[in-house]
Amino acid sequence: MKRKPFIGLTFALTAALFLTGCDKVPQVEIDAANAAIDEVKMAEAEVYAYDSFVMLNDSMSKAMILIENEKSEFFKNFDQAKEHLLGVVQFAQEVKQKTGENKERLKMEIQTAIGETTSLIESCNQLMTEAPKGKEGTMALTAIKNEIMAVDVSVNEANALLMGGQLLPAKEKISAAMEKANSIKAELTDVITKYQSKSKRK
Amino acid sequence: MGIKIRKKLVFFVLLLIGAILFLAGYLGYEAPPFENINKAREQISIAESLKAQEYAPAPYAEALMIYDSAMREWKRQNNRFFVSRNYSLVKTLVEKSEMLACSAIDQTAINKKAGKDNLEVKIRNIKKRIGQFEQTYKHYPVSKNDLKKLIKARLFLEEAVMALKNNRHGSSGRLIRQSDSLIVLLNKQYTNLLKEYFKLFTFWSGHVKETIKYSEKNETYAIIIDKFAHNCYLYENGRLVETLSVELGQNWPGDKKIAGDKTTPEGAYKIIGRKSGEATKYYKALLINYPNEQDIALFKKNQKNGTISKKAKIGSLIEIHGHGGKGVDWTDGCIALTDTDMDVLYRKCMVGTPVTIVGSIKPLEEILKN
């Protein structure tokens, strides 16, 4: 009769010992963090928020280290890892949002640049109509017209890239086109001025 | 009673042995290399943020692979009974991974700089080649399509510069290659055209020598027109005294074949008329004897062999005249100078002054070398 409480106590202590030493791996939190990271990848954070994306990956690696470290312990406690994984999910949402914002900003910049370049092309075409119509003037302007057409093609290509979601190449293309359009406008103004001054001298 | 005591004793002895074993195991328990793993992770993350996967792919990939192996080994050890766990391999692996990640970081810095420098050099070289092409063919009638290619080459290069500014070295490299292939193609195409045109160089050279010799021997002025350079050279007693810029017909390369082909003729001619005032609409003009006997003979031969239409007419009224300086080739085959330069020629060149028109006075090799 005296032995029973003693055995019971030993059993209870052992069970408590095992229970405290066998905290479960936070699989739900791991899955949630991985899913959040997948969403970030889908949002193309690797392209449009690269540094944050790297930090997010690193944060997940850190969480996995914390989990594995707890698994090494005799008395396991995954609370810190769980907390960290929740942080990963939250950070992933922030990165996703930042990616979206960056993409939107870039889209706006590209659209503005496309608009500006189109206006530049229009004003170049307008200057073309104001240019002298003599055969020599026409020849000089034909060369410039070809350049305008090439810039116009670039604008269309940039638009296509924008529609296809290739924002960085689109930005680079339209920036180059805008620079060229600006130089054409300056060149065209020069040519017109030159011919106009020559006409006056005649 | 004795049995009960013995049982209790056995139970306590076993419990004691268990406790001693547990304590021994706990005290002798080797902790995993947590700090080392974290260091390796940090270094890999730094390498990734620097894009080591692009600039130092080999050490970066190896560092990542070994890190993954270390994590797997750690898991494997964790699945073992705690007293029999051994993390030495994990430690070795993460140390190696960290070392490789550090090496990837160093290599990235070096390769990134070298890569950027390399791309900058390539951009400079292509810019130079585009400039050289534009310079070489500044007077040459480049076709609309080829002009578009040239513009495209310049635009690709501008895009490459933008991509390089955004540290997108891969894209920059791709755009540089696109630009390069266009300019290489154009260079090859137009060099071949010039090679074909310059097949007559020996003939031109002979004409030029004869003209200078004539000027020296007869103590007179002589005009030599270099179509490729768009220059008019005035010789006095065999010495070069003036170099003036000229503008020609739109399709100046090659010899004039028919009226209206907008080509400036090539050959040895002389001034047969001088016009000024109301006699010319181009300020002042020196009429040359085009077509001469050889031109007429060649025209007839070409008509006979079908090279030119039977209905075609031979050109005439080729002049050296004013109203030039427009910066483009605009005449129907005449040679235009600025009015100031025309004054110089008009003052010195009388009827009978030889006018030699050639494709070039310099050999092609020299032009392309320059």
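The values are calculated or read from the model by the stated rules, or taken from the named source; none is laboratory data. Predicted model only: the values in this text are computed from it and were never measured. No Cβ is skipped: glycine too gets one built from the backbone with ideal geometry, and neighbour counts run over all protein chains shown. What goes into the accessible areas is simple: the full protein's heavy atoms, side chains included, and nothing from ligands, DNA or RNA. Shrake-Rupley method; radii C 1.70, N 1.55, O 1.52, S 1.80 Å.
Within the stretch B:211-266, how many residues are of a type in the set (Phe, Trp, Tyr) and without any contact (Cβ under 8 Å) to a residue 60 or more places away in the chain? Talk me through it step by step, then tell me what you get.
Here is the first cut: in the stretch B:211-266, the residues of a type in the set (Phe, Trp, Tyr) are B:214, B:221, B:228, B:233, B:235, B:252.
Adding the requirement that they be without any contact (Cβ under 8 Å) to a residue 60 or more places away in the chain leaves B:235.
Residues that pass the stated criteria total 1.
List the helices (runs of 4 or more DSSP H) that sit entirely inside the stretch B:142-234 and contain at least 3 residues that are in contact with a helix residue (DSSP H, G or I) (Cβ under 7 Å, 6 or more places away or on another chain) and under 18 Å from B:Lys128 (Cα atoms).
Hits in the stretch B:142-234: B:144-165, B:169-197.
Looking only at the stretch B:128-160, which residues are facing chain A (nearest Cβ under 9 Å), charged (D, E, K, R) and out of contact with any Leu (no Cβ under 7 Å at 6 or more places or on another chain)?
B:Lys144, B:Lys148, B:Arg154, B:Glu158, listed by residue number.
Just checking, which of B:Ala101, B:Ala109, B:Ala163, B:Ala114 is within 11 Å of chain A (Cβ to nearest Cβ) and not β-branched (Val, Ile, Thr)?
Exactly one of B:Ala101, B:Ala109, B:Ala163, B:Ala114 is within 11 Å of chain A (Cβ to nearest Cβ) and not β-branched (Val, Ile, Thr), namely B:Ala163.
What's the total number of residues in the stretch B:296-338 that are part of a loop (DSSP other than H, G, I, E, B) and closer than 29 Å to B:Glu242 by Cα?
Residues that pass the stated criteria total 18.
Restricting the search to the stretch B:254-282, which residues are touching a His at 6+ places or on another chain (Cβ under 9 Å), surrounded by fewer than 21 Cβ atoms within 10 Å (Cβ to Cβ) and in a loop (DSSP other than H, G, I, E, B)?
Matches in the stretch B:254-282: B:Thr280, B:Lys281, B:Tyr282.
Identify, by number, the condition in (1) part of a helix (DSSP H, G or I); (2) exposed (fewer than 15 other Cβ atoms within 10 Å of the Cβ) that A:Ala170 doesn't meet.
For A:Ala170, the exception is condition (2).
Name the pairs whose Cβ atoms lie under 8 Å apart, with the first residue in the stretch A:62-91 and among the hydroxyl-bearing types (Ser, Thr, Tyr), the second open to solvent by 50 Å² or more (accessible area, probe 1.4 Å), and 6 or more positions between them or separate chains?
Listed pairs, sorted by first residue: A:Ser72/B:Ala31.
Within the group B:Ile367, B:Ile320, B:Ile361, which residue is under 27 Å from B:Glu216 (Cβ atoms), at pLDDT 95 or above, open to solvent by less than 30 Å² (accessible area, probe 1.4 Å) and not hydroxyl-bearing (Ser, Thr, Tyr)?
One residue alone meets the criteria, B:Ile320.
Only residues that are within 19 Å of A:Ser59 (Cα to Cα) and within 11 Å of chain A (Cβ to nearest Cβ): list them for the stretch B:54-73, please.
Once the filter is applied, which keeps residues that are within 19 Å of A:Ser59 (Cα to Cα) and within 11 Å of chain A (Cβ to nearest Cβ), the stretch B:54-73 yields B:Leu64, B:Tyr67, B:Asp68, B:Ala70, B:Met71, B:Arg72.
If B:Asn292 satisfies every condition in (1) of a type in the set (S, T, N, Q); (2) without any contact (Cβ under 8 Å) to a residue 60 or more places away in the chain; (3) open to solvent by 50 Å² or more (accessible area, probe 1.4 Å) but one, which is the exception?
(3)
Working only within the stretch A:42-51, note down all residues that are in contact (Cβ under 8 Å) with a residue 12 or more places away in the chain, open to solvent by 10 Å² or more (accessible area, probe 1.4 Å) and in a helix (DSSP H, G or I).
A:Val47, A:Tyr48
Going through the stretch A:90-110 one residue at a time, which ones are farther than 13 Å from A:Ala49 by Cα and surrounded by 19 or more Cβ atoms within 10 Å (Cβ to Cβ)?
If we filter the stretch A:90-110 for residues that are farther than 13 Å from A:Ala49 by Cα, which is where we start, we get A:90, A:107-110.
If the condition is that a residue be farther than 13 Å from A:Ala49 by Cα and surrounded by 19 or more Cβ atoms within 10 Å (Cβ to Cβ), then A:Ile110 is the only one that fits.
Quick grid of which residues meet (1) under 30 Å from B:Glu365 (Cβ atoms); (2) modelled with pLDDT of 95 or more; (3) open to solvent by less than 60 Å² (accessible area, probe 1.4 Å):
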site: B:Tyr60; (1), (2), (3): no, yes, yes
site: B:Val94; (1), (2), (3): no, yes, yes
site: B:Lys113; (1), (2), (3): no, no, no
site: B:Leu119; (1), (2), (3): no, yes, yes
site: B:Ile126; (1), (2), (3): yes, yes, yes
site: B:Asn145; (1), (2), (3): yes, no, no
site: B:Lys152; (1), (2), (3): yes, no, yes
site: B:Met162; (1), (2), (3): no, no, yes
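Among the residues of the stretch B:76-88, count how many are within 18 Å of B:Lys39 (Cα to Cα) and assigned to a helix (DSSP H, G or I).
Result for the stretch B:76-88: 1.
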